[in-house]
1. I need the phi-derived Karplus couplings for the stretch 452-460: 6.51 cos²θ - 1.76 cosθ + 1.60, θ = phi - 60°, integer Hz, Gly and Pro marked x.
2. In the stretch 116-274, carbon and sulfur make up what percent of the accessible area (probe 1.4 Å)?
3. What's the Cα-based Rg to Rh of the stretch 295-413, Rh via Kirkwood?
4. Quote the convex hull volume per residue of the stretch 128-248, based on C-alpha atoms, as a whole number of Å³.
5. Accessible area per residue, 1.4 Å probe, Å², for the stretch 116-274: what's the number?
6. Using modelled backbone amide H atoms (1.01 Å from N, in-plane), which distant-in-sequence or interchain residues come within less than 5 Å of residue 365's amide H?
7. Taking only protein heavy atoms into account and a 1.4 Å probe, give the accessible area per residue of the stretch 428-484 in Å².
8. What ranking do 360-373, 429-442 get when scored by the average of other Cβ atoms within 10 Å per residue, highest first?
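The values are calculated or read from the model by the stated rules, or taken from the named source; none is laboratory data. From a predicted model like this one, the values you see are computed outputs, not experimental measurements. Positions of Cβ are backbone-derived with ideal geometry, glycine not excepted, and every protein chain shown enters the neighbour counts. These accessible areas exclude ligands, DNA and RNA; they are computed on the full protein's heavy atoms, side chains included. Shrake-Rupley method; radii C 1.70, N 1.55, O 1.52, S 1.80 Å.
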Amino acid sequence: MALHVFLIAALLLPLPAAFSKPVRTQSLLATSLSPDPITTPAASHDQQLTLAAHHTNASTLHFRLAHRDDFALNATASDLLAHLLARDAARAAGLSSLLLVVRNSNATRPRRRGGFAAPVLSGLPQGSGEYFAQVGVGTPATTALMVLDTGSDVVWLQCAPCRHCYAQSGRVFDPRRSRSYAAVDCVAPICRRLDSGGCDRRRNSCLYQVAYGDGSVTAGDFATETLTFARGSRVQRVAIGCGHDNEGLFIAAAGLLGLGRGRLSFPTQIARSFGRSFSYCLVDRTSSVRPSSTRSSTVTFGAGAVAAAAGASFTPMGRNPRMATFYYVHLLGFSVGGARVKGVSQSDLRLNPTTGRGGVILDSGTSVTRLARPVYEAVRDAFRAAAVGLRLSPGGFSLFDTCYNLSGRRVVKVPTVSMHLAGGASVALPPENYLIPVDTSGTFCFAMAGTDGGVSIIGNIQQQGFRVVFDGDAQRVGFVPKSC
């Protein structure tokens, strides 16, 4: 059975020697990972074509998100976690390597009208920490599960005829069957926006290629197509890559919905009509395999993305002049057990606009938060000092170096953890966002890691349960707790 963690209360523990005041804690009810295989029924094609929504209106597009938990699989939770962490390490390294590439940004003045949304699914059963958005592609629409990715720009999906393709959930999109598919000419301005574009001179059609830092590659025709979201909301002439050659660490998804800040990202393409704002809420990735779970993940575009942010804690959105894609925030520090962590230097978290290195980004596709190593070590050491009632396990697990043996315990008091951001924003993490089970014998690990890669990343484990608002029009990022 997957981990069930419930925030019960904030309590005060006796004072550890390293703290000058009582340690603030919160309690959780924890269950270790199950040794039994996780088997979930795969959705039928007809079920996949249903683009459900909680609500929508003339100014909002809203759809449910899901992790890869919703796909058929027969593997243990421990196996899936190990595979997830291996892929996550490759992605984090790839994001850091992208900072060596200079890119230009562009600004499109938004003119808002309407909005839309989509369902989101979890990718855990396939060993992925990513979430998939459920989108209809073409006319008539073919349902596609596309990775929700704030760390990249180009929208693409696998297309028939497929020369080199990986196994995906659902039918591969065939542009020959779509009435709304249109190839992009080589001389079209949008073709010149590609970082790695080309031209098929025989057909006078634009070609695209995207190479990711983890070694994955997609290439094919660049085209425009209609995308259909929840309750039939349609967005026409979206520039997409129609990938006939796709290789690497892609798993199960049909493609990728690029939500970055670059010139070809989905938010930039729809900015004139809907504005640049969107939000998502990612529930615990194990929720889709728990029959009792009633929450679902969603992503919303348009006016409703910000309207749903009542009570949000906002922080200014930063920008890297050497990498237009990423969403930067100014992380000031952490509190553990109610006390500000000492030893966190701003120089380790600050973006250097000249070199493009440093800084902190929010990323929907990375699972585990990575912090500049000196910052991580300060936070980790503060957590260890505050967690006096927990038995430290020898060694670690994968990229985690701080683990505890909680076997035989039902209710566990753990120190609180909060992030402090510029503008007075504070994000108090629920316990399941930083202490997670990693095996069947009661081992739980502190779910953050250090990095020497030049950029710190706030991953989706730490974002779970919050509605994260990317208000591109006002250039700010908001966090709304318990908002799924």
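1. Values, residue by residue: 10, x, x, 9, 8, 10, 8, x, 6 Hz.
2. Carbon-and-sulfur percentage of accessible area, whole number: 48.
3. Answer for the stretch 295-413: 1.03.
4. 115 Å³
5. So the stretch 116-274 comes to 35 Å² accessible per residue, rounded to a whole number.
6. 150, 151
7. 23 Å²
8. Ranking the peptides 360-373, 429-442 by packing returns 360-373, 429-442.
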